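**Q** Got a structure here, written out as structure tokens. Questions coming.
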Amino acid sequence: MAGKKIASRVSRHAAASQPSTPVSQSTYPAGSLLSVTHLSLEEIGGILAAASELEAAAPRDRATLLEGRKAALLFYESSTRTRTSFELAAKSLGVVTTLVSDKSSSIEKGESLKDTGITLRALGAECIILRHLSSGSPYLLARETGLPVLNAGDGMHEHPSQALLDLRTMLARLRLAPVSRNATAISKATLRGVTVVITGDILHSRVARSNALLLPRLGARVILCGPHELLPDEAETLGPGVSIERDFDKALARADVAMMLRIQTERLAGLKLNLQQYTEQYQLHAERLALYAPHAVVLHPGPMNRGLEITSEVADGPQSMIEEQVRHGVAIRMALLVRALQPGTQEARA
Ligand code: CP
């Protein structure tokens, strides 16, 4: 009985999290999440509300929601947080998962993304969670397979589920809107007056892009911070509400949320970046935080380079919400899986 009640409430939120008006997403299978720009505020509210419903549900009831449904995790890049949280989220809903990684599959023999996707579909996958090194690959996979695709990070493009879990973390910590079952709580004023400073390797960061595209729509001001090598002037054109401040101390002094990004040392070839100078100017360390942002919430999508963009003292300190950020990932990803696999979306696809 309790299971049925949860199913009905989650379906209501999931229905709100489906596009109600035609958007570019509508050309892709229903339930896909390829970009945060495809989500209306109503849909974002629906996802957040479903996440809260699912998190609060009894594990036994949750496990029946998508019992026996099948999802494939297709990962062409390493991942700890995203992969594990999608997998745990799926399993807690009763979904049967299979992991296909580029390291131990026929991808190593040169099989294309399209053929891999079609093969997974033939094997019964009803949804694919894709991490890929090429920007735009989730769009291709969704088009070629007709299955809902959840973008788990594509190249330097987007990481939409990360932005949603970052949003949930901020809402919980700043207590601006309840992280509750109320889907209507999200509006263009939800984050009004909140300044989020994103610092580091903006150039290569899909997390920065998704957050910069999402948060201003809820009223936040997003300040991007970093040296020219990692933050081109053009980044300011990501949208209204996004600006650049090169001086970290000045940016930090305005921050309600300080989101630090990993320096992607594997992508620095060809860039003239002096890491020692970078650390002096942009590292978030305890003295800097205490001086300029003693009340800010500290976030980092991970993995962290401790001692480079952030010190251990800050990462493990009282202002850090980094561990909590990871925990929010499971609830958000449960909601995204329900959205992708709920019966309504299946009918829409047929
Ligand atoms: N935040 C994030 O994408 O981390 P992983 O690479 O470990 O999934």
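**Q** For the structure I just gave you, tell me whether D201 is crowded, with 24+ Cβ neighbours inside 10 Å and in a loop (DSSP other than H, G, I, E, B).
**A** yes
**Q** Please find, among R327, R306, the residue that is of a type in the set (K, R), modelled with pLDDT of 95 or more, within 16 Å of the ligand (Cβ to nearest atom) and within 23 Å of L39 (Cβ to Cβ).
**A** R327
**Q** Conditions: (1) farther than 19 Å from H328 by Cα; (2) surrounded by fewer than 16 Cβ atoms within 10 Å (Cβ to Cβ); (3) not polar (S, T, N, Q). L88 meets all but one. Number of the miss?
**A** With (1) farther than 19 Å from H328 by Cα; (2) surrounded by fewer than 16 Cβ atoms within 10 Å (Cβ to Cβ); (3) not polar (S, T, N, Q) applied to L88, the lone miss is (1).
**Q** Considering only the stretch 262-273, I want to know if a residue exists there that is in contact with a Gly (Cβ under 8 Å, 6 or more places away or on another chain) and surrounded by 14 or more Cβ atoms within 10 Å (Cβ to Cβ).
**A** Yes - at least one qualifying residue is present in the stretch 262-273.
Quick grid of which residues meet (1) in contact with a helix residue (DSSP H, G or I) (Cβ under 7 Å, 6 or more places away or on another chain); (2) within 15 Å of the ligand (Cβ to nearest atom):
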| position | (1), (2) |
| --- | --- |
| R60 | no, no |
| L66 | yes, no |
| T84 | no, yes |
| E87 | no, yes |
| P138 | no, yes |
| S161 | yes, yes |
| L174 | no, no |
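**Q** Of all residues in the stretch 91-110, how many are in contact (Cβ under 8 Å) with a residue 24 or more places away in the chain, within 30 Å of R267 (Cα to Cα), surrounded by fewer than 15 Cβ atoms within 10 Å (Cβ to Cβ) and more than 16 Å from the ligand (Cβ to nearest atom)?
**A** Pass one, the stretch 91-110, residues in contact (Cβ under 8 Å) with a residue 24 or more places away in the chain: 92-102, 107.
Still in the list and also within 30 Å of R267 (Cα to Cα): 98-102, 107.
From what's left, surrounded by fewer than 15 Cβ atoms within 10 Å (Cβ to Cβ): 98-99.
Those left that are additionally more than 16 Å from the ligand (Cβ to nearest atom): 98.
Here the count works out to 1.
**Q** For the stretch 140-159, name all the residues that are surrounded by 23 or more Cβ atoms within 10 Å (Cβ to Cβ) and within 16 Å of the ligand (Cβ to nearest atom).
**A** Passing the criteria: L150, N151, A152, G153, D154, E158, H159.
**Q** Same structure again: Tell me which helices (runs of 4 or more DSSP H) are completely within the stretch 239-297 and hold 1 or more residues being of a type in the set (S, T, N, Q), or say none if there are none.
**A** Fully inside the stretch 239-297 and qualifying: 275-282.
**Q** Any idea which of L130, L113 is more than 16 Å from the ligand (Cβ to nearest atom) and either modelled with pLDDT under 95 or outside the structural domain of E266 (by TED's automatic domain parsing) (or both)?
**A** Only one candidate passes the filter, namely L113.
The values are calculated or read from the model by the stated rules, or taken from the named source; none is laboratory data. A quick note: this is a predicted structure, and the numbers were derived from the prediction, not measured. No Cβ is skipped: glycine too gets one built from the backbone with ideal geometry, and neighbour counts run over all protein chains shown.
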